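The values are calculated or read from the model by the stated rules, or taken from the named source; none is laboratory data. Note that the structure is predicted; figures quoted are calculated from it, not measured. All Cβ positions, glycine included, derive from the backbone under ideal geometry; neighbour counts span all protein chains shown.
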Amino acid sequence: MKKVLIVDDSATVRMYHRKILTNMGFAVDEAVNGLEALEKSLCNKYDVFLVDINMPKMDGYRFVTELRAQPDNANTPVVMISTESETHDKDKAFAAGATSYMIKPTKPVELHEFIKMVLDEE
């Protein structure tokens with residue numbers, strides 16, 4: 001079973017994404033900010049990271065940059081999900097190492113398609 005780490009400071013958003021991803025057949029873990037996610041990424045193997053940008057302690061950009069410095073996670077797919085829809089936000093996400101970028105609120109079908117795409121699954 002593939003494992004996803006949802007990184008978002010909003011409990012409502014984490015619950016929403018957890019429901020979609022568990023219905024897709026994923027094992028799901030959660031972190032409330034980038035710092036907690038970084039700690040979890042050192043102790044667990046994840047197949048995909050679903051990351052918000054604006055969070056306390058460590059934002060999504062910094063988390064992805066730090067994650068990419070870990071040899072085991074240099075190429076693990078990261079989908080950044082944010083309310084930020086400006087081009088420079090997307091550019092900054094990709095510069096940090098994001099694999100893909102989605103705008104909140106996500107639709108279940110879109111999230112499913114994005115996850116399949118970043119995992120290179122049919």
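Annotations
- Subset tally (residues that are closer than 17 Å to Leu119 by Cα and of a type in the set (A, V, I, L, M)) for the stretch 48-63: 3
- Residue that is surrounded by the most Cβ atoms within 10 Å (Cβ to Cβ) [pool: residues in the stretch 96-111 that are free of Cβ contacts under 8 Å to residues at least 24 places away in the same chain and of a type in the set (A, V, I, L, M, F, W, C)]: Met102
- Among the conditions (1) over 17 Å from Met24 (Cβ atoms); (2) under 13 Å from the mean Cα position of the chain (by Cα); (3) of a type in the set (Ser, Thr, Tyr), Thr83 misses just one, which is (2).
- Verdict on Lys104 being among the basic types (Lys, Arg) and either under 16 Å from Val13 (Cβ atoms) or modelled with pLDDT of 85 or more (or both): yes
- Selection within the stretch 1-22 - more than 17 Å from Thr83 (Cα to Cα) and in contact (Cβ under 8 Å) with a residue 60 or more places away in the chain: Lys2, Val4, Ile20, Leu21
- In the stretch 47-66, the residues that are on the phi > 0 side of the Ramachandran plot reach residues that are in a loop (DSSP other than H, G, I, E, B) and surrounded by fewer than 24 Cβ atoms within 10 Å (Cβ to Cβ) with C-beta atoms within less than 8 angstrom, at least six apart or across chains, in these pairs: Lys57/Asn33.
- Residues within the stretch 95-122 that are over 10 Å from Val79 (Cα atoms) and not small (Gly, Ala, Ser), tallied: 16
- With respect to the conditions (1) exposed (fewer than 13 other Cβ atoms within 10 Å of the Cβ); (2) closer than 16 Å to Leu119 by Cβ; (3) touching a residue at least 12 places away in the same chain (Cβ under 8 Å), Asn44 lacks only one, and its number is (2).
- For the stretch 48-60, the criterion of being farther than 22 Å from Ser10 by Cβ and either surrounded by 15 or more Cβ atoms within 10 Å (Cβ to Cβ) or of a type outside the set (Val, Ile, Thr) (or both) is satisfied by no residue at all.
- Any strands (runs of 3 or more DSSP E) falling wholly within the stretch 1-110 and containing at least 3 residues that are touching a strand residue (DSSP E or B) at 6+ places or on another chain (Cβ under 6 Å) and of a type in the set (Lys, Arg): none
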